[in-house]
Protein chains: 2
Amino acid sequence: METGQKAPIGRPRGFDTEEALERAMRVFWEQGYEGASLTDLTGAMGINRTSMYAAFGNKEDLFRKCLERYTEGPASYGARALREPTARQVATALLNGAVRATTGIGSPAGCLGVQGSLAAGEPGSNARDALVAWRDGHVSLLRDRFQQAVAEGDLPPDADPGLLARHLMTMANGIAVQAAGGITRDVLQRVADMTLRSWPPATGPAQPDA
Amino acid sequence: METGQKAPIGRPRGFDTEEALERAMRVFWEQGYEGASLTDLTGAMGINRTSMYAAFGNKEDLFRKCLERYTEGPASYGARALREPTARQVATALLNGAVRATTGIGSPAGCLGVQGSLAAGEPGSNARDALVAWRDGHVSLLRDRFQQAVAEGDLPPDADPGLLARHLMTMANGIAVQAAGGITRDVLQRVADMTLRSWPPATGPAQPDA
DNA sequence: CAGATTCGGTACCGATCGGTACTGAATGAG
DNA sequence: CTCATTCAGTACCGATCGGTACCGAATCTG
């Protein structure tokens, strides 16, 4: 059985699963989990319901797979940012990446990880929880990266890695909301620049007013 | 006809419209426009469909009225912040208010103006557009307020009021996303404090790296 | 009282929701 | 070739969607 990997039995699949997943991802991205009906999804994927269920499970499974694809595709700037040499460069790459990804010319506005499902009724609760975990996972990765920066002396010893990570993710998610509302890339880039100009912000007690 | 204001003809309404609106607002807040079904809404309001349609129009009208109520209730910190004497105090009141409102103990987590409808399918597009306009309206008010601060010398003459306003709203919306994900008030307050510690951020060219 | 008017409950509308049974077409193995 | 296996299209499932027709109950004016 040298050819174990190949030669699937039966009629071969008539569509490209990667291409179909890409199109489904864009529908979820544009319309959110609850707003994307199976008719919308399969219409964009170019297949019918039966093929979708056979290939991907159900709507929830499809959403999860789209989220994975999103993470490795449009949101891959996050993983790249973590590999930047300094904490400041991590922050810069993250926010610049967020601006670019949420305002891509050929892509839906905003971020799938935010508008995919932020508030939902009971049938969409699993998708919502999946996105909460997704966002929190990124914060944890950022926190670990900043913890490392503190250990390396790249950030001051009294810096709070968790707080810096949360602050940065808050800004990135805010950018996603703006982008979903149609704010243009150049405006959001200036907003990101403004944040980065005073980064890292002080972690200690509040500075005197005025 | 001195009593023109009173004595409505016919059977009097058997429920309090303000109370019903308050409960509907919370359902939209928790579940979003698309995630809140008429059954959910009328169930929480304690009335049946017929009464809801007679009193409020339809689901879209109900949502708009809930958004108004939200603006004048839980989101009234926005209008209050604009009346603070200095730009810095405006920013502080806004972010502190956002933290409190999105993490209220007896209220749903997050912000109706964000998670009410961020991405939606075609049937929810009107609600989504209403929220986009709602958020942009608040940015415009902030921009005008900061423009005034520049004129008063409260902000430096080279400050960009529109950019400062957008930056602040981006942070507030980011806070709303965090809160929707269950992040607690004390954490978000520290994030807000961190932002305010370096506010207003410089508007000019980027500061030298490191 | 009678008559007009409005509210509230039931029962229903067509459309759409996510999901599936069934059937025929296309491919492998023998 | 035959036969098992898989894919894809149709047609459908019960449930729910937002919205409404209808009618009795309740309250006004006169």
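From the Cα gyration tensor of the stretch A:19-92, with a ≥ b ≥ c the square roots of its eigenvalues, which class applies: rounded if a/c is under 1.5, or else prolate if a/b is larger than b/c, or else oblate? Here the stretch A:19-92 falls in the prolate category. For peptide A:32-44, the mean count of partner chain Cβ atoms within 10 Å of a residue's Cβ comes to 3. Of the residues B:Phe63, B:Phe146, B:Phe15, the one that moves most in a GNM of chain B with alpha-carbon contacts below 10 Å is B:Phe15. Note on chain A: dipole from Cβ charges, positive end direction compared against A:Ala192, A:Pro123, A:Gly104; the farthest Cα belongs to A:Gly104. B:Gly106 label point (Cα plus 7 Å toward Cβ) to equivalent points in the other copies: 5.3 nm, shortest first. Indicate the gyration tensor shape class of the stretch A:129-210 (rounded, prolate or oblate), computed on the Cα atoms with a ≥ b ≥ c the square roots of the eigenvalues: a/c under 1.5 is rounded; otherwise a/b larger than b/c is prolate and the rest oblate. Note, shape of the stretch A:129-210 comes out oblate.
Rank B:Ala54, B:Ala93, B:Ala75 by mean-square fluctuation in a GNM of chain B with C-alpha springs under 10 angstrom and give only the top-ranked residue. Of the options given, B:Ala54 has the highest mean-square fluctuation.
Please give the average number of partner chain Cβ atoms lying within 10 Å of the Cβ of each residue in A:185-197, rounded to a whole number.
Values: counts 0, 0, 4, 3, 0, 6, 9, 2, 7, 14, 6, 4, 8.
Other-chain Cβ atoms within 10 Å of each residue's Cβ, averaged: 5.
Placing pseudo-labels 7 Å out from each Cα toward the beta carbon at B:Ala151 and A:Glu152 gives an inter-label distance of 4.9 nm. Loop sites by DSSP among the GluC sites (Glu not before Pro) of chain B, restricted to those with at most 13 other Cβ atoms within 10 angstrom, leave B:3-151 as the longest stretch without any of them. Shape summary: the stretch B:92-151 maps onto an equivalent ellipsoid whose semi-axes, from the alpha-carbon gyration tensor, are 25, 19, 5 Å in decreasing order. Considering only A:Gly181, A:Gly110, A:Gly78, the Gaussian network model of chain A with Cα springs below 10 Å gives its largest mean-square fluctuation to A:Gly181. Label-to-label distance for A:Ala202 and A:Gln89 is 2.8 nm, based on points extended 7 Å past Cα in the beta-carbon direction. Across peptide A:119-126, the mean count of Cβ atoms from other chains lying within 10 Å of each residue's own Cβ comes to 6. In a simple Cβ point-charge model (Lys, Arg +1; Asp, Glu -1; nothing else charged), the stretch A:65-210 has a dipole of about 420 debye relative to its Cα centre. Averaging 1/r across all pairs of distinct Cα atoms in the protein assembly as shown and inverting the result yields a Kirkwood radius of 23.0 Å. Here the calculated FRET efficiency for A:Asp136 and B:Glu19, from their Cβ-Cβ distance with R0 = 41 Å, stands at 0.70, rounded to the nearest 0.05. The ellipsoid equivalent to the alpha-carbon distribution of the stretch B:1-139 has semi-axes of 29, 21, 14 angstrom, derived from the gyration tensor eigenvalues as √(5λ) and listed largest first. Each copy carries a label point for B:Ala79 at 7 Å from Cα along the beta-carbon vector; from one copy to the others these points are 4.9 nm apart, nearest first.
Label point of A:Thr39 (7 Å along Cα→beta-carbon): distances to the other copies' equivalent points are 2.0 nm, sorted ascending. What FRET efficiency, computed as 1/(1 + (r/R0)^6) with R0 = 51 Å and r the Cβ-Cβ distance, is obtained for B:Ile105 and A:Ile9, rounded to the nearest 0.05? So the FRET efficiency works out to roughly 0.30.
The residues neighbouring A:Gly57, those whose beta-carbon lies less than 12 Å from its own, together hold a net charge of +1 under the Lys/Arg +1, Asp/Glu -1 convention.
Taking label positions 7 Å along the Cα-Cβ direction at both A:Ser76 and B:Thr184, the computed distance is 3.8 nm, reported to one decimal. Only the Cβ atoms of Lys and Arg (+1) and of Asp and Glu (-1) were treated as charged; on that basis the dipole of the stretch B:6-138 about its Cα centre amounts to roughly 340 debye. Once the Cα-Cα distance is subtracted from the 0.36 nm per residue extended length, the A:Asp129 to A:Arg49 segment shows a gain of 26.3 nm.
We did not get these values from a lab; they are worked out from the coordinates using the rules stated. Because the structure is predicted, anything quoted here is derived from the model rather than measured. Note: ideal-geometry Cβ built from the backbone for every residue, glycine included; neighbour counts use all protein chains shown.
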